[in-house]
Amino acid sequence: MSMFNRYISPRAGIIWCSDTFLIFSVTIFMSAIRFGFEGSEVASYDPYLTKTIVIAVIYMIVYSYFDLYSPEMFHLRRQMFIKLAEATLVGTIILFSIYFMFPSLKTWRGILLANSIAMPSLLLFFRVIFIRIMSANLPSENVLIIGSGELAKKVGIEIYNKPENGMKLIGFLDDDPAKLGQSIVNPGVIGGYADIRELVMSRNIGRIVVAIQDRRAKLPMSALLDLKLSGIRVEEGETFLEKVTGKIPLDQLKPSWMVFSDGFKLLKRRKALKRVSDVIFSSLLLIIASPIMLITAILIKLDLKGPVIFKQARVGENDKEFEVYKFRSMRQDAEAKSGPVWANANDNRVTRLGRIIRKTRIDELPQLINVIKGEMSFVGPRPERRFFVEQLKKEIPYYETRTAVKPGLTGWAQIKYPYGATVQDALEKLQYDIYYIKNMSPILDMITIFWTVKVVFTGSGAR
């Protein structure tokens, strides 16, 4: 599974690429109409296609923010029509704003307006065609699962419930004759280990997932090796789940997998690169956000007694404590009677202003200073309090792993999992945190920041 389709399904990728090409082509075509198909005039109007690229990039970013490439948008429902119209309007407004600030990028008003009318209609037309073609003819990779326990069931559910990932579940293998025909997900157990070669050939299997929790079981290693050498993909259940879910399943995880699996490598070099980018981006963002921070500080001072900035000890990299800075969003005596408790989405200790700045992440902006000081990073696991860290270490395996890197202003767990205030929620978030640490890269950071900005501007899925 490539780096690309690890984070976006093949179907979404195809539609995304076709939309990009279509927007780019429509913009050029509208320019040609405006200039009467005079090639020299079109070339002098936009010699390096800069204006056309700006239009295509802005619309594609906005369409992504409006979730037009999520699986539910592959169906021609009223919601999809509304979102397409709203996204086109927002994209057009953003382009007019860009032209006001950067006149050199300005396109002809008639071209932009014609674009904003013709483009959604053509996108809709081509999406109908693509959806019908993909529903009927998009090839799916046939998958065979070895095992029938909990791990195998989880793998099966991921494949069966998400056809947009381009995979089709053929069945499970188990050497226990009593389990033959037993339903696991849909379908069930279709054979034993001795049948693997025959099933791979007869069912056109492209991928085998070994999802057996007890590795003492006698696997058909010779057959698996032969099949792998013939081009069939063979991988562990934990590795497969990591790729399709964006988290590492700790309940079935073995320490040996953590030690020998790909990832967690070159961590020192990655940290050095992150530090340079953290200082640059946090300094720029601090300058840009300073007016918002000033207004927020004034409003908090008018609303509450006490300091504007809230300081609290948190556990950072290598289990070292530091003071995290936040705008106050709770009453000053929030934990005077209760002691340390988890914050949650409906916390009655949060003020009215506090709910707003939490939803938009404005309360986190003072942590840019923590980033500049080197105590935090832009992206990483969220820093937790010592009281909860010690409690969670006792109840959740590998919890201390999240302190291998600096905590972040935002994180993979924050964009993938909703607000949580229980041990189970902490376990779920840890699975995403460990996935981030294992796969830490500039690309993953960019994806995390992209979706965090979406939360700030749209408020949807705020964590």
* Structure fact -> Note, region 323-331: 3J(HN,Hα) by Karplus (6.51, -1.76, 1.60, θ = phi - 60°), whole Hz, Gly/Pro = x, goes 9, 8, 10, 8, 5, 5, 10, 10, 4
* Structure fact -> Most exposed first, judged by fewest Cβ atoms within 10 angstrom, Ser44, Ser140 run Ser44, Ser140
* Packing-wise, with mean Cβ within 10 Å as the measure, how do 287-293, 63-69 rank, highest first? -> 63-69, 287-293
* Structure fact -> For Glu158, Glu390, ascending order of other Cβ atoms within 10 Å (fewest first) is Glu390, Glu158
* Test item: Cα-centred dipole of region 141-245, Lys/Arg +1 and Asp/Glu -1 on Cβ, debye -> 100 debye
* **Whichever lysines have a C-alpha closer than 20 Å to that of Lys274, once near sequence neighbours (fewer than 8 apart) are set aside** => Lys265, Lys320, Lys373, Lys406, Lys438
* Structure fact -> For region 267-458, the Cα convex hull volume per residue in Å³ comes to 115 Å³
* Structure fact -> So for R0 = 41 Å, FRET eff. of Ile280-Lys168 from the Cβ-Cβ r, to 0.05, ends up at 0.35
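Read the figures in this text as sums done on the coordinates, not as results from a lab. Predicted model, so just to flag it, every value in this text is computed and none were measured. All Cβ positions, even for glycine, are placed from backbone atoms using ideal geometry, and neighbour counts span all protein chains on display.
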